[in-house]
Structure formats: structure tokens, C-alpha cells
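All remarks here apply to the structure that follows.
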Amino acid sequence: MDTVLRKITGGATDADIIKETAGILKRGGIAVFPTETVYGIGADAFNEDACKRIYDIKKRPNEKALIVLISDAKDLDKVTEEIPASARPLIEKYWPGPLSIIFKKNKNIPDIVSGGTDTVAVRFTSNPILQKIITEAGTPIVAPSANISGRPAAVTAAEALKDFDGLADIIIEDDGALGGGQSTIVDVSSGDVKLIRQGAVQNP
């Protein structure tokens, strides 16, 4: 399989790249793109076969759940069973941005996405191009970091291409959009707020 490389320029061609990438995701394909932290590798969060490809491509252990990205806080209802009151202040203060929040998942999320658990980690991305891709695709997407499991996450399109050329369907280049580091992860699935991983958001 040939991997297509597209570069974000801030010009008129960006809209075409957004539509092309969204179409690939809707058809069950795999895309690599910049997020607000590092490059991510994504697929339709509701497409079990596409999500399995992510695990296979990354050589990721199946028990390691995938983070789901949305482009609007209203889309939480598509993936979560409930939104605890404890999550509201975090959503209002840090979204969109590099805070991933773990909720009880709903029946729409395949077990392969949640690593066989009853929870799902969700982030409202602040990357404007990625927001438009998700909106155009009409579905939340899984988006773990773009790297082979155990290696550093890609922070340039060239690094992503080195790992995923011939494996991903499309790679979007926009190195200047990255914030670096990892997202902070908190768990609100029990109703309390528990810090799981410290990252770009300090002491949420």
C-alpha cells in the first residue's frame, strides 16, 4: 500500500486535505496527523477492524486502551455512558486541549478500543485541522501517539513516515502545530478525579 503525504500550508489546499483524510477515515482507513501534543495515528473509533489495524501497525499490546478524540464536547454522548459532575469543571477549564479524561464508556465503543475495560479516555483536541477532519468524518477517532510501541512518539512528519510508510493510508505534515509532550490523563469514571498521567496540563 502506498502512503500519501500531504502538507498543511494554511492555504486553499488545506480544505481538500481535510476532506481527503476524513474520507479515508470514514472508509475504515488509517491516518497520521499532528495533534496538540505529538503526531497521532488514527481510525474511526467505532470501526473495530480499523482499530485493530492500529494495534497491529503500532505493535501495541491489546490490553493498552486507545484514547478517543472528539471535535466538540457535545460528542461526549456518543462515547460515554455518563458525565460525572466532577468532570464538568475540567471540561470547562481545559477543553479543547491536552487533557484526556477517562469516563465509563457506552455500548458504541468496541472492547478493542477500551482494552477490554468498561471505560474510555476522551480528549477534545485543540488542533484546528484535526477538529475539522473529525467533524468532516462525522465520527470520533482513536488517536494514540504515532510510534511503534516502545519507541518515542513522532514529532515530525518525517519521523512518522519512517515508521508508517506503507502502513498508514495518509500522513499529514504540519510540524509547527505540535505542542510537544503527552496529554495529561485523569480518571473520573468513579465520580472522583484521579490523576493517571501527568503531562501538558499541570495539576488539573
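Looking only at region 83-95, residues that are open to solvent by 60 Å² or more (accessible area, probe 1.4 Å) and not in a helix (DSSP H, G or I) come to 0 in all.
Let's see how each residue does on (1) aromatic (Phe, Trp, Tyr); (2) more than 12 Å from the chain's Cα centre (by Cα); (3) within 17 Å of Asp175 (Cα to Cα):
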site	(1), (2), (3)
Gly10	no, yes, yes
Gly23	no, yes, no
Thr37	no, no, yes
Glu48	no, yes, no
Ile57	no, yes, no
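Of the candidates Leu130, Leu99, the single residue that is out of contact with any helix residue (DSSP H, G or I) (no Cβ under 8 Å at 6 or more places or on another chain), under 29 Å from Gly176 (Cα atoms) and crowded, with 21+ Cβ neighbours inside 10 Å is Leu130.
Residue-wise test of (1) modelled with pLDDT of 95 or more; (2) open to solvent by 10 Å² or more (accessible area, probe 1.4 Å); (3) β-branched (Val, Ile, Thr).
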{"site": "Asp111", "(1), (2), (3)": "yes, yes, no"}
{"site": "Ala121", "(1), (2), (3)": "yes, yes, no"}
{"site": "Gly150", "(1), (2), (3)": "no, yes, no"}
{"site": "Ala153", "(1), (2), (3)": "no, yes, no"}
{"site": "Ala168", "(1), (2), (3)": "yes, no, no"}
{"site": "Asp175", "(1), (2), (3)": "no, yes, no"}
{"site": "Asp187", "(1), (2), (3)": "yes, yes, no"}
{"site": "Val193", "(1), (2), (3)": "yes, yes, yes"}
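Which of the residues spanning region 147-204 are of a type in the set (Val, Ile, Thr), assigned to a loop (DSSP other than H, G, I, E, B) and farther than 19 Å from Cys51 by Cα? Within region 147-204, Val155, Thr156, Val188, Val193, Val201 meet the criteria.
Quickly run through region 67-89 and pick out the residues that are under 19 Å from Ala22 (Cα atoms) and in contact with a Gly (Cβ under 8 Å, 6 or more places away or on another chain). Correct list: Leu69 only.
The values are calculated or read from the model by the stated rules, or taken from the named source; none is laboratory data. Remember, predicted model here, so these are calculated numbers, not experimental data. Note that each Cβ is placed from the backbone with ideal geometry, even for glycine, and that neighbours are counted across all protein chains shown. Note: areas computed on protein heavy atoms with side chains; ligands, DNA, RNA excluded. Shrake-Rupley method; radii C 1.70, N 1.55, O 1.52, S 1.80 Å.
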